[in-house]
Amino acid sequence: MIRYFISDLHLSDKRSDLIRAFVKMSKALIARDEKAELYILGDFYEAWIGDDFQADWNTEIENALTDLSKSGISLYFLHGNRDFLIGSDWVNRVGATLIQEQTELPLENSTLLLTHGDEYCLEDTEYQAFRKKVRSKAWQEHILAMPLEQRIALAAQLRNDSKSMATEKSMAIMDITPSAVEDSLSQHNCKSVIHGHTHRPNVHKTDGYLRCVLGDWDKSIWLATVEHNTYTQYKASVEEFLQRGLLGLEVIHKEILY
Ligand SMILES: [Mn+2]
């Protein structure tokens, strides 16, 4: 069994190159014909305003996901700070399972914690206040009851309103607060965590725990795998990946999970 991890693809109509890369990756994973699971750890989309949103560029993405799930690869989706409005209609459409933030994934010799990671960025207090509001059920129900056009306008307004939400770049200024990660790991009795969000792909080995940070898709695409108890992180430039597929990937990190 191989487990694949991606996050922070930020797919949108403005990045047809990344959509092509994701479709290519989906086909390549299917062609491998291995028992596999794919975990999407948030910010798959640049923005999401409700499962009733439809566009040709997104149909292409949803078809790729549907092909993955139909091929027998189990799909899991976890909300990011940009696509937290993804709901049961979307996951049912593509054949995925919605998982909660800080989900425990049991492996052979350990348990791995999976999360998007924005909840760890405690120094950005403005963002944490915003997060508290938009993750509440009441706020989400209120928003989703609005007509689609109004939601599109609101999403644009939200992006302009809050400085820390204005660009993904300014979001990335804020890294995680180490104690927040340590607290969640001890709470879940885990020693390794995989998260995205910060756009600082790396593997951090600290006293007693391992923190694997997934990469965001922009000039490069990233893919991580867990096989047995080994975490491997791969990278390719978008052009290289579009030409050579999985063969264009280069190993950036390889670590035994704690
Ligand atoms: Mn994020």
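The gain in end-to-end length when the ASP33 to ARG244 segment is fully stretched comes to 74.1 nm, 0.36 nm per residue minus the alpha carbon separation. Please report the equivalent ellipsoid semi-axes of the chain, computed as sqrt(5 x eigenvalue) of the Cα gyration tensor, largest first, in whole Å. Whole-Å semi-axes of the equivalent ellipsoid: 26, 24, 17.
Summary of the geometry: segment 61-90 and segment 1-54, compared by the centres of their Cα atoms, lie 8 Å apart. Adding -39500 (n - 2.57) for every DSSP H run of four residues or longer, then dividing by how many residues the chain holds, sets the calculated 222 nm ellipticity at -11000 deg cm²/dmol. Per residue, the convex hull spanned by the Cα atoms of segment 12-142 amounts to 126 cubic angstrom. Among ALA236, ALA156, ALA28, the largest mean-square fluctuation in a Gaussian network model of the chain, built with springs joining Cα atoms closer than 10 Å, belongs to ALA156. Label-to-label distance, TRP139 versus PHE53, with points set 7 angstrom from Cα along the beta-carbon direction: 1.7 nm. Note on GLU255 and ARG159: the extension gain reaches 30.8 nm, defined as 0.36 nm multiplied by sequence separation minus the Cα-Cα distance.
Only the coordinates and a few stated rules stand behind these numbers; no lab work does. Fair warning: this is a prediction, and the values are worked out from it, not measured in the lab. Heads up, the Cβs are rebuilt from the backbone with ideal geometry, glycines too, and the neighbour counts pull from every protein chain shown.
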